[in-house]
Every structure is written in structure tokens, then in C-alpha cells.
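The values are calculated or read from the model by the stated rules, or taken from the named source; none is laboratory data. A quick note: this is a predicted structure, and the numbers were derived from the prediction, not measured. All Cβ positions, glycine included, derive from the backbone under ideal geometry; neighbour counts span all protein chains shown. Keep in mind that these areas ignore ligands, DNA and RNA; they rest on the heavy atoms of the full protein, side chains included. Shrake-Rupley method; radii C 1.70, N 1.55, O 1.52, S 1.80 Å.
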Amino acid sequence: MAILAAKKAGISTGYVEPRPVRELNLAAVHPSYSVLGSERGVLLPCLDRALSRYLDERQQF
């Protein structure tokens, strides 16, 4: 996701380093796979479109 966001923003992805979650030293234990289900979830835009909309709105300020 970070690489996609950087590309959309026109920022170099050279500093983005993929890391497994287990290397992040998170305080809470997180499951390796968890999906939130929702009947309304189908109303959300895809990630690509959501990032584009966010970046477009940020440029307005």
C-alpha cells in the first residue's frame, strides 16, 4: 500500500522497504490474516480510486 500511495503522489518509492509484520515490533499481537466483513463495504471505492481522490482533495488546499 505504501508503494502504491507513493507512486500515486509522484514520490520516489526508493525509501519504501517492505517488511513482514513480525519485524515491526508492534505492541499488540495481530493475527496474520484478518478481514473485516461488512454489507456496506461494497459501497467503498477501490484502494486505487480512494488514494486518487484523497490526493486530489489535498491539492485543493
Where the chain is the region considered: accessible area per residue in Å², 1.4 Å probe:
100 Å²
Estimated vicinal HN-Hα couplings, Hz - segment 43-51 in sequence order (Karplus 6.51, -1.76, 1.60; Gly, Pro = x)
7, 6, x, 5, 4, 4, 5, 4, 5
With Kirkwood radius over Cα pairs in Å as the read-out, I listed [x] 11.4; [y] 13.6; [z] 14.5; which label goes with the value calculated from this structure?
[z]
Nearest-0.05 FRET efficiency for residue 44 and residue 15, computed from C-beta distance (R0 30 Å)
0.55
In the chain, what GluC sites (Glu not before Pro) fall in a loop by DSSP, with at most 16 other Cβ atoms inside 10 Å?
39
Integer Hz, Karplus 6.51/-1.76/1.60 couplings in order for segment 31-38, x for Gly and Pro
x, 5, 8, 9, 10, 8, x, 7
With all protein chains present, the chain has a carbon and sulfur share of its accessible area (1.4 Å probe) in percent of 56 percent
Run the simple label-point estimate for residue 56 and residue 7 please: 7 Å along Cα→C-beta, distance reported in nm.
1.9 nm
